[in-house]
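See below for the structure under consideration.
The values are calculated or read from the model by the stated rules, or taken from the named source; none is laboratory data. Since we're looking at a predicted model, the values are computed, not measured. Cβ atoms come from the backbone with ideal geometry, glycine included; neighbour counts cover every protein chain shown. Just so you know, the surface numbers come from the protein's heavy atoms only, side chains and all, with ligands and any DNA or RNA stripped out. Shrake-Rupley method; radii C 1.70, N 1.55, O 1.52, S 1.80 Å.
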Amino acid sequence: QVQLVESGGGLVQTGGSLRLSCAASGQTFSIYTGAWFRQAPGKEREFVAAIRGSGDITYYADGVKDRFTISRDNAKKTVYLQMNSLKPEDTAVYYCGLRPLWYSDYAGSYRYWGQGTQVTVSS
């Protein structure tokens, strides 16, 4: 069993930056693809970014590709999301998920989820 705890969300102005962290408990963290999703009020959870267990391959949604960076530290069992040049449309609850094998943009395929962290970008 793996438990995930996200942190690092908050209120930031347009153009600002935040760094989200997702800390995992349990063993075998490095076998899982880590991903970030987000969910705005009234919308479905959408894929943001993913990173393979080894950390050597990443994948991003088109809307964040040049602004966000996903990374991981397997020794610390943590996945990060560095978010730069934030826009009001980035406002959402951000969730961290883990799944075996490579990434999927389908939230239902992720085995473990954190509780989410709120990111609010003011205009």
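Observations, loosely collected:
- Normalised by the number of residues in the chain, the average gap of Cα pairs under 8 Å and 6 or more apart makes the relative contact order 36 percent.
- Per residue accessible area in Å² of the chain, where ligands, DNA and RNA are left out and the probe is 1.4 Å: 52 Å²
- Modelled FRET efficiency - R0 30 Å, Ser54 with Ser85, Cβ distances, 0.05 increments: 0.60
- Apolar share of the accessible surface for the chain: 47 percent from carbon plus sulfur atoms, 1.4 Å probe.
- Mean Cβ neighbour count within 10 Å, used as a protection proxy, ranking 83-94, 2-13 highest first: 83-94, 2-13
- Mean separation of Cα contacts under 8 Å (6+ apart) over length of segment 10-59, as relative contact order %: 26 percent
- Dipole magnitude of the chain, debye to nearest 20 (Cβ charges: Lys/Arg +1, Asp/Glu -1, about Cα centre): 260 debye
- Span per principal axis, largest first, for the Cα atoms of segment 62-105 (Å): 32, 22, 20
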